[in-house]
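Data block below; observations after.
The values are calculated or read from the model by the stated rules, or taken from the named source; none is laboratory data. In this text, all values refer to a predicted model and were calculated from it rather than measured experimentally. Positions of Cβ are generated from backbone atoms using ideal geometry, with glycine treated the same way; all protein chains shown enter the neighbour counts.
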Amino acid sequence: MTAHPAQREASGGVTASVQRCAQCGQEIAEQESRQACGRCGGLFELQHPAPAIKGAGLRALLDARSASRRGTFASGVWRFRELVLPSAGDDVLTYPEGNTPLLSRPTVAQWAGATSLHLKHEGHNPTGSFKDRGMTVGVTHARRIGATAVSCASTGNTGASLAAYAALAGLPAIVLTPRGQVALGKLTQLLAYGARTLLVKGDFDACLALAREASERLGVHLLNSVNPFRIEGQKTIVFELLQQLSWEPPDWIVVPAGNLGNTAAFGKALREARDWGLIRRLPRLAAVQAAGAAPFAKSFAEGFAKRYTVQAHTVATAINIGNPASYDRAVIAIRETDGIVAAVPDADILEAKAVIDASGVGCEPASAASVAGTRKLIRDGVIAPGDSVVAVLTGHILKDPDAITRYHQGQEPTPAHANPPLEIEPRLEEIERALAPKRP
Ligand code: F0G
């Protein structure tokens, strides 16, 4: 079903939200449930009517709402309702989520070689990752179209978020995860929040292919980021950080990249923020992959002439993805923002993580890719040391406790930032010994 002609304004905009294929422009109604475009196989994006007020008026409205302590506007997602899901009304399923801090930590900036570095910490969301921002919108929509069960494939965080929001909605959740490749904090969340947890003997890419097939054939509502309603929620990471910077955009926004949902969401958010007069200038987007799972970086290096898939291998299990689903939408995001895609080795990711952790902030390994990527891009002369940079930390430190103990306790040779514990006898002298300055 294409959008009704009456839904279109003379300017080419729409008067009611529609889903539009990012590849070929095919449109379907907002309420229609389809994973991909029937014409070209591309993924849909939502297109909303332009907000009634723009520019300074819209900024003032959003700023006034940010003081809300209760109700829908207390959510850092639904505060941006007109830009996210104008048709939602008040019947939204919210935890609430968002309102995550924008931090600045001199030791992290110094390590990266940046003079102005902010960390947007998405680990402060209810289930410990940015996924909650997309899930509140995805599950709100699933409920209003009458879904009876929801599912996703996940390296852990999407599943944890889905499980929590499904519990809030009273819907059964099914999560497909790659067996043995999910960090402990996430796996425990899946079980605790009550998701039917399937440990698939395959990697994330196999899980996603299976979840998509199950959704087609068994009618379970799929809530991976191929679902455009998830992307709408994730846009608010960008809206919120712009608001925290008093709508003065940074020069760069750096984001870890796996399945590329966030990269796609960030590009769409920036385009809309500019079109609706929230900002006048577009920051450049830098998507950072782990070197062992970097098909997008490989395509970027060749001017996006070709799409690659790889066998993914990285310690950053969240982004251990070889065939990213949102590839096409993410290419648009990088092109439109004059962006860049970089890859960083696992050793750099772990070192960045140790520095972020030791600053008292902490994050999971995949999140540290943004800071490791910032350092690389400054060293390569792509980001100027004086540029203002916002690096997104996507997940909480406690998501992956094993990665921490491995780094600080187990490794030979001991990494530069390791902080191994000391076993002691219950004697005061032993404490004196521990208080002595550490060997350099
Ligand atoms: N950082 C974390 C902590 C993640 O969990 C993910 C994705 C990403 C970065 C990458 O974001 O996929 O939008 O490019 N995790 C998914 C999951 C794959 O299943 O939880 P992306």
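For E351, the criteria (1) surrounded by fewer than 21 Cβ atoms within 10 Å (Cβ to Cβ); (2) in contact (Cβ under 8 Å) with a residue 24 or more places away in the chain; (3) acidic (D, E) hold in every case but one, which is (1).
For residues that are in a helix (DSSP H, G or I) and more than 13 Å from the ligand (Cβ to nearest atom), tally how many sit in the range 239-268.
Residues of the range 239-268 that are in a helix (DSSP H, G or I), as a first pass: 239-244, 261-268.
The next check asks that each one be more than 13 Å from the ligand (Cβ to nearest atom); those that pass are 239-244.
Going through the range 239-268 one residue at a time, the tally reaches 6.
Restricting attention to the range 373-396, the residues being touching a residue at least 40 places away in the same chain (Cβ under 8 Å) and either within 13 Å of the ligand (Cβ to nearest atom) or acidic (D, E) (or both) number 8.
Being among the aliphatic types (A, V, I, L, M) and surrounded by 24 or more Cβ atoms within 10 Å (Cβ to Cβ) is the filter here, so list the residues in the range 326-341 that pass it. Full working, then the answer.
Keep residues of the range 326-341 that are among the aliphatic types (A, V, I, L, M), which gives 330-334, 340-341.
Those that are among the aliphatic types (A, V, I, L, M) and surrounded by 24 or more Cβ atoms within 10 Å (Cβ to Cβ): A330, A333, I334, V341.
Please specify each residue of the range 261-312 satisfying the condition of being touching a Ser or Thr at 6+ places or on another chain (Cβ under 7 Å) and over 20 Å from V389 (Cα atoms). G261, G292, A293, P295, K306, R307, Y308 - these are the residues of the range 261-312 that are touching a Ser or Thr at 6+ places or on another chain (Cβ under 7 Å) and over 20 Å from V389 (Cα atoms). Within the range 53-75, one or more residues are in contact with a Pro (Cβ under 9 Å, 6 or more places away or on another chain), at pLDDT 95 or above and part of a loop (DSSP other than H, G, I, E, B).
Of all residues in the range 40-49, exactly one satisfies the criterion of being out of contact with any strand residue (DSSP E or B) (no Cβ under 7 Å at 6 or more places or on another chain) and either charged (D, E, K, R) or surrounded by fewer than 19 Cβ atoms within 10 Å (Cβ to Cβ) (or both), namely G41.
How many residues does the range 302-330 contain that are more than 9 Å from the ligand (Cβ to nearest atom), touching a residue at least 12 places away in the same chain (Cβ under 8 Å) and among the hydrophobic types (A, V, I, L, M, F, W, C)? Adding up the residues that qualify gives 4. Being in a helix (DSSP H, G or I) and either within 16 Å of the ligand (Cβ to nearest atom) or buried (at least 23 other Cβ atoms within 10 Å of the Cβ) (or both) is the filter here; which residues of the range 215-238 pass it? Of everything in the range 215-238, those that are in a helix (DSSP H, G or I) and either within 16 Å of the ligand (Cβ to nearest atom) or buried (at least 23 other Cβ atoms within 10 Å of the Cβ) (or both) turn out to be S215, P228, F229, R230, I231, E232, G233, Q234, K235, T236, I237, V238.
Do you know which of the residues in the range 186-201 that are among the small types (G, A, S) and surrounded by fewer than 15 Cβ atoms within 10 Å (Cβ to Cβ) is farthest from G170 (Cα to Cα)?
Pass one, the range 186-201, residues among the small types (G, A, S): 192, 194-195.
Now narrow it down to the ones that are surrounded by fewer than 15 Cβ atoms within 10 Å (Cβ to Cβ): 192, 194.
Details: A192: 15, G194: 11 Å.
My answer is A192.
Within the range 292-322, the set of residues being within 17 Å of the chain's Cα centre (by Cα) and of a type in the set (S, T, Y) comprises just one member, T317. Applying the set (1) among the small types (G, A, S); (2) under 26 Å from A169 (Cβ atoms); (3) not in a helix (DSSP H, G or I) to S87 leaves exactly one unmet item: (3). Of all residues in the range 269-305, those being in a loop (DSSP other than H, G, I, E, B) and not β-branched (V, I, T) number 12.
Of L58, L62, L103, L93, which residue is under 19 Å from the mean Cα position of the chain (by Cα), crowded, with 16+ Cβ neighbours inside 10 Å and in contact (Cβ under 8 Å) with a residue 40 or more places away in the chain? Before you say what the answer is, go through the steps one by one.
Working: L58 fails: under 19 Å from the mean Cα position of the chain (by Cα); L62 fails: under 19 Å from the mean Cα position of the chain (by Cα); L93 fails: under 19 Å from the mean Cα position of the chain (by Cα).
Just a single option satisfies the conditions, and that option is L103.
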